[in-house]
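What follows is one structure encoded as structure tokens, with my remarks underneath.
The values are calculated or read from the model by the stated rules, or taken from the named source; none is laboratory data. Quick caveat, the model's predicted, so the values are computed rather than measured. Positions of Cβ are generated from backbone atoms using ideal geometry, with glycine treated the same way; all protein chains shown enter the neighbour counts.
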């Protein structure tokens, strides 16, 4: 399944012509999401309002766009302002069906890798116990978090743009400035979860690794005041096993194996720009399944230890 997803995702951004055969399925998908959106608008499906402001950070394409780094940045800024944010995540590929709180000793299989990573980051780097809950239904997850932590004064949703059951006060869409929207078809013929026109309806559009001015020149209908640029870079390597860090990347002077997730090209660009001495001998994509990831990493370590 992972290989099929990777192959399709590659074709979406290469704009291969054979995906046209999937357009009838994309039309069916369009009808489904349109009817669903309409049902929420007229009240057939009920949406739920939280007792605190809700900020949703999402994307309109499948695959990684850089949402999680933006979520971390926003949480840090809110905490510095003296606010008490809570975070809700989907817990992608985890066993979390009903709302579950994320603890520093939670199992990845129970809460997902991204939620646990954020929890550990704030605990270890900032010594802050940020409330994080995961689950499939965002509104239920938000209510569970606020019930357990009634002092929370703002709720951040990592993903959830298409979860209309959760009422929101502010929507942020993150766009991969390099890959953009691929062939601009809806899934499964393309990478779009919803039409590109959605970016004109949100409260903020964040461009990851793409010049803000260049984008606004090409998209004259966009309000420049709602357009923001984003970039991230790494200048420190951290040893995941021992915790020690290297800030001078040139001391490596060796070939490395880069391991990334669903958008590994981004980590490759960060590594290649970090030091002249780094030579990437191969790049490996891991799935989002914890069991598969563990087995793959063990195999990688065995192969490259020879």
Selection within region 41-67 - part of a helix (DSSP H, G or I) and either under 20 Å from residue 173 (Cα atoms) or in contact with a strand residue (DSSP E or B) (Cβ under 8 Å, 6 or more places away or on another chain) (or both): 67
So residue 148, is it more than 26 Å from residue 76 (Cα to Cα) and more than 19 Å from the chain's Cα centre (by Cα): no
Residue 60 crowded, with 17+ Cβ neighbours inside 10 Å, in contact (Cβ under 8 Å) with a residue 40 or more places away in the chain and within 30 Å of residue 187 (Cα to Cα): yes
Residue within region 157-167 that is at negative phi, in a helix (DSSP H, G or I) and either buried (at least 19 other Cβ atoms within 10 Å of the Cβ) or modelled with pLDDT of 90 or more (or both) present: no
The lone exception for residue 19 - which of (1) surrounded by 14 or more Cβ atoms within 10 Å (Cβ to Cβ); (2) part of a loop (DSSP other than H, G, I, E, B) it fails: (2)
Enumeration of residues in region 73-108 that are at pLDDT 95 or above, over 17 Å from residue 149 (Cβ atoms) and buried (at least 18 other Cβ atoms within 10 Å of the Cβ): 74
Conditions (1) loosely packed, with under 15 Cβ neighbours inside 10 Å; (2) touching a residue at least 60 places away in the same chain (Cβ under 8 Å); (3) over 29 Å from residue 231 (Cβ atoms); number of the one not met by residue 170: (3)
